[in-house]
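A.B. asks: Dropping the structure in here first, questions after.
The values are calculated or read from the model by the stated rules, or taken from the named source; none is laboratory data. The structure displayed is predicted, hence computed values, not measured ones. Heads up, the Cβs are rebuilt from the backbone with ideal geometry, glycines too, and the neighbour counts pull from every protein chain shown.
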Amino acid sequence: MDLAAQKAAVRKEAFAARKRAHDADRGDASGVLSSVLAGYRGVPLAGYMPIRTEIDPLPAMAEAAAHGPVAVPVIQGAGQPLAFSRWVPDGPMRDGAYGARVPLVDAFMVPEIVIVPLVAFTRAGGRLGYGGGFYDRTLEMLRAARATLAIGFAYGAQQVDALPLEPTDQTLDMIVTERDVIAL
């Protein structure tokens, strides 16, 4: 089986596991993420607007926004890194690519911390996303300019033993689930 087929098989299983975890979520899954971000108050960070069955970081992002700038990703185009536009809780939003909401008016910034959504992860920091490479390109670009902390945020059920990774796949520095923190 080639790498693309391996990734597709892992994605299928991981999406099912994520859906089960999402269906069981009582709405308090971001508590551990909030406690992690409290140690970085004021540091510019980027979260994400959850789509489908992604774990919801919005309560933690809202708390962080009271202490410093918070942004969300804006897709600029296929094959390009993400840009990050300043987000405020309850601020005006518009529809963006792939169903994710983005701020109505772009106010781009460069984050030092990126909360990364994912489909599956390993305890070693491996991450499998949707397959577009947006976060891989973005993390590579940000890390080339300065130290950037990549925090994967996922349900514990999304953990797998191994992933079919490529040299261009960027690893995570930390993984936060609804129950624990995996520091790498």
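A.B. asks: Of everything in the stretch 125-178, what is of a type in the set (Gly, Ala, Ser), touching a Leu at 6+ places or on another chain (Cβ under 7 Å) and touching a residue at least 24 places away in the same chain (Cβ under 8 Å)? Give them in sequence order.
C.D. replies: We begin by selecting, within the stretch 125-178, every residue of a type in the set (Gly, Ala, Ser); these are 125-126, 129, 131-133, 144-145, 147, 150, 152, 154, 156-157, 162.
This time we only want the ones that are touching a Leu at 6+ places or on another chain (Cβ under 7 Å), so: 125-126, 129, 150, 152, 154.
Result: Gly125, Gly126, Ala150, Gly152, Ala154.
A.B. asks: Going through the stretch 25-70 one residue at a time, which ones are among the hydrophobic types (A, V, I, L, M, F, W, C) and at pLDDT below 95? It would help to see each step written out before you state the result.
C.D. replies: Start the filter on the stretch 25-70 by keeping residues that are among the hydrophobic types (A, V, I, L, M, F, W, C), which leaves 29, 32-33, 36-38, 43, 45-46, 49, 51, 55, 58, 60-62, 64-66, 70.
Ala29, Ile51, listed by residue number.
A.B. asks: Filter the stretch 95-105 down to residues that are part of a helix (DSSP H, G or I) and aliphatic (A, V, I, L, M), then give me how many there are.
C.D. replies: We begin by selecting, within the stretch 95-105, every residue part of a helix (DSSP H, G or I); these are 97-99.
Narrowing further to those that are aliphatic (A, V, I, L, M): 97.
So the count comes out to 1.
A.B. asks: Hey, another quick one. At pLDDT 95 or above, in a strand (DSSP E or B) and among the basic types (Lys, Arg) - does that describe any residue in the stretch 107-124?
C.D. replies: Checked against the condition, which is being at pLDDT 95 or above, in a strand (DSSP E or B) and among the basic types (Lys, Arg), the stretch 107-124 yields no hits at all.
A.B. asks: Quick one: would you say Leu3 is at pLDDT below 95 and either surrounded by fewer than 17 Cβ atoms within 10 Å (Cβ to Cβ) or within 15 Å of the chain's Cα centre (by Cα) (or both)? Walk me through it before giving the result.
C.D. replies: Values: at pLDDT below 95: yes; either surrounded by fewer than 17 Cβ atoms within 10 Å (Cβ to Cβ) or within 15 Å of the chain's Cα centre (by Cα) (or both): yes.
It is true that Leu3 is at pLDDT below 95 and either surrounded by fewer than 17 Cβ atoms within 10 Å (Cβ to Cβ) or within 15 Å of the chain's Cα centre (by Cα) (or both).
A.B. asks: Across the stretch 135-184, what is the number of residues that are surrounded by 21 or more Cβ atoms within 10 Å (Cβ to Cβ) and either of a type in the set (Phe, Trp, Tyr) or assigned to a strand (DSSP E or B) (or both)?
C.D. replies: Qualifying residue count for the region: 8.
A.B. asks: Would you confirm whether any residue within the stretch 51-61 is over 23 Å from Pro81 (Cβ atoms), aliphatic (A, V, I, L, M) and exposed (fewer than 13 other Cβ atoms within 10 Å of the Cβ)?
C.D. replies: Scanning the stretch 51-61, I find no residue that is over 23 Å from Pro81 (Cβ atoms), aliphatic (A, V, I, L, M) and exposed (fewer than 13 other Cβ atoms within 10 Å of the Cβ), so the answer is no.
A.B. asks: Going by the structure shown, is Ala150 closer than 21 Å to Gly39 by Cβ and under 16 Å from the mean Cα position of the chain (by Cα)?
C.D. replies: Details: closer than 21 Å to Gly39 by Cβ: yes; under 16 Å from the mean Cα position of the chain (by Cα): yes.
Against the criterion (closer than 21 Å to Gly39 by Cβ and under 16 Å from the mean Cα position of the chain (by Cα)), Ala150 qualifies.
A.B. asks: Those residues that are without any contact (Cβ under 8 Å) to a residue 60 or more places away in the chain and surrounded by fewer than 17 Cβ atoms within 10 Å (Cβ to Cβ), I need them from the stretch 102-122; list them, please.
C.D. replies: Leu104, Val105, Asp106, Ala107, Phe108, listed by residue number.
A.B. asks: Here's something else I'd like to know. Consider the stretch 46-71. How many of its residues are outside any loop (DSSP other than H, G, I, E, B) and more than 11 Å from the chain's Cα centre (by Cα)? Before the answer, list the steps.
C.D. replies: Filtering the stretch 46-71 down to residues outside any loop (DSSP other than H, G, I, E, B) leaves 46, 58-65, 70-71.
Then keep just the ones that are more than 11 Å from the chain's Cα centre (by Cα); that gives 58-65, 70-71.
So the answer is 10.
A.B. asks: Okay, moving on. Do we have any residue at all in the stretch 72-94 that's aliphatic (A, V, I, L, M), in contact (Cβ under 8 Å) with a residue 12 or more places away in the chain, crowded, with 21+ Cβ neighbours inside 10 Å and not in a loop (DSSP other than H, G, I, E, B)?
C.D. replies: The answer is yes; a qualifying residue exists.
A.B. asks: Another one. Hey, among Gly47, Gly31, which residue is in contact (Cβ under 8 Å) with a residue 12 or more places away in the chain, among the small types (Gly, Ala, Ser), within 19 Å of Leu139 (Cα to Cα) and in contact with a helix residue (DSSP H, G or I) (Cβ under 9 Å, 6 or more places away or on another chain)?
C.D. replies: Numbers: Gly31 fails: within 19 Å of Leu139 (Cα to Cα).
One residue alone meets the criteria, Gly47.
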